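Contents: one structure, followed by commentary.
Just so you know, all these numbers are worked out from the coordinates, no wet-lab data involved. Quick caveat, the model's predicted, so the values are computed rather than measured. Here the Cβ positions follow ideal geometry from the backbone for every residue, glycine too, while neighbour counts run over all protein chains shown.
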Amino acid sequence: MATWLTLWHPRLGISISIVVTSLLFVATLPVVAARMLQDVEVNLPAKPDFSSAQAIVVLGGGVHRGDGNKAPDTLGPWTLERLDFAVHAYRQLKLKVAVSGGLTPGAHTAEATLMKAALEGDFGVPVTWVENRSRTTWENAVYTQQLLQADGVTTVVLVTNAWHMRRAAWSFERVGLHVIPYPAPLTYDESDQVQDYLPSMRALDESYHALHEAIGLAYYQLRY
């Protein structure tokens, strides 16, 4: 787009290119990414009250696609991190577990199916409910609520990344479930170091997640 504008209107095209490049550079700075994450992340309360919790719900966070034959689909790093915290929650609370995640584009196995296999096979954590139709966070909430409603579950411990928790919790509350957050650790670091002002690909990834969640929550609030 900027290239086309540069040919059609050189001054405007160059100005837009400079602005876009500058914004992209700013997004690669760890100090900026940290502030953006701070606005969207939810931390576990200092003294959480789990007394009313009836179930643990773990949300999928991505799949590495296989070829459907020799190389099977595998869980991505965000999902594995969430499963790790789900195991901690299960061992602490001894509640029934639900996993939620459908078939991602190009994948051959539903994410929830892979999550159930990992929890039961690798961690010895039984899975009671498998929600394998969802493609979005909103659908995670809708379809999981339908499963849990049949068993009278109204209060859940929700496990996902801290940067995803605000939008996820809003969605689950919106469909009628009371949520007790159990997020993976905060991503942002409050320390102030020299490298915080040097660009990095990790910071760009964190800025992406923060912006994605902020826009996603605003969109959900307008649509649902």
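Ranked by the mean number of other Cβ atoms within 10 Å per residue, highest first, peptides 110-117, 142-149 order as 110-117, 142-149. Ordering 61-69, 168-176 by mean Cβ neighbour count within 10 Å, with the highest value first, yields 168-176, 61-69. Charged neighbours of Arg166, selected by a Cβ distance under 14 Å, balance to -2 (K, R count +1; D, E count -1).
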